[in-house]
Amino acid sequence: MQEIDRIDNFDETGNSVDAWKQKAEELSFCAEGLQSHADSESSKVYDLQKQIILQMSSFWVKQMLRGFTLECLLKALWLKNGNSLCDQGRYNGLDGIKNHRIHEMAPKVGFQTNDTEKRVLRILGAFATSGGRYPVFTKYDSLSKDFGSGNPKFILEWNLQELEPAYFELRRKLVNEIEE
């Protein structure tokens, strides 16, 4: 395969709605599978403290994968609306939006969200930015713009009764809008 063909293939894949939607499905599958595995493993542990540690450590990664899921779906919608992400063998992203700031991506791609959905995007974006993959953020106050001082409080904002179903509804709405 010649260099020009590889670049064209890169651009074609990077600008494919289906490729981004497929990656979102893979990430979502892994996020929910991780939770299922953590539930299964923690039920075998009789020490309550170890159960909590196992659940919390998997929670961070699950939320990161969920943030990546929504990011891929938002990028698929961006592409569906006639935009591009890749050009001449280079990934360019959404104009003016840093990766993983999915609460900023939604309005940019024209996806309407209510206040609860905005919170879901803001919190999962924080997990995707670093909370789910690194032990620290790039700077202590890196999320102060979104959460005020004392970054890790975004974890406490994840209300299972409210935001858990809102995440699944948000994901469903995005998929439906992409498939329309």
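The values are calculated or read from the model by the stated rules, or taken from the named source; none is laboratory data. Just so it is clear, the structure is predicted and the values come from calculations on it, not from any experiment. Neighbour counts are summed over all protein chains in view; Cβ atoms, including those assigned to glycine, are modelled from backbone coordinates with ideal geometry.
Only one of Gly67, Gly33 is in a helix (DSSP H, G or I), of a type in the set (Gly, Ala, Ser), under 22 Å from Leu163 (Cα atoms) and more than 12 Å from the chain's Cα centre (by Cα); which? Checking each option against the conditions leaves just Gly33. Could you grab the pairs with beta carbons closer than 9 Å, sequence gap of 6+ or different chains, first residue in the stretch 28-40 and under 14 Å from Met56 (Cα atoms), second one surrounded by 16 or more Cβ atoms within 10 Å (Cβ to Cβ) and of a type in the set (A, V, I, L, M)? Sorted first by the residue in the stretch 28-40, then by its partner, the pairs are Ala31/Val61; Ala31/Met64; Ala31/Leu65; Leu34/Val61; Leu34/Leu65; Ala38/Leu54. Filtered by the rule that a residue be part of a helix (DSSP H, G or I) and among the small types (Gly, Ala, Ser), the stretch 87-127 gives Ala106, Gly125, Ala126.
Residues in the stretch 39-62 that are surrounded by fewer than 16 Cβ atoms within 10 Å (Cβ to Cβ), of a type in the set (Val, Ile, Thr) and closer than 23 Å to Ala128 by Cβ: Ile53 alone. Inspect all residues belonging to the stretch 149-158 and state whether any of them is of a type outside the set (A, V, I, L, M, F, W, C), surrounded by 19 or more Cβ atoms within 10 Å (Cβ to Cβ) and at pLDDT below 70. There is at least one residue in the stretch 149-158 that is of a type outside the set (A, V, I, L, M, F, W, C), surrounded by 19 or more Cβ atoms within 10 Å (Cβ to Cβ) and at pLDDT below 70.
Given the condition at negative phi and surrounded by fewer than 18 Cβ atoms within 10 Å (Cβ to Cβ), answer yes or no: does some residue in the stretch 116-124 qualify? Steps first, please.
Here is the first cut: in the stretch 116-124, the ones at negative phi are 116-124.
Narrowing the set further to residues that are surrounded by fewer than 18 Cβ atoms within 10 Å (Cβ to Cβ) leaves 116, 118.
Checked the stretch 116-124: at least one residue is at negative phi and surrounded by fewer than 18 Cβ atoms within 10 Å (Cβ to Cβ).
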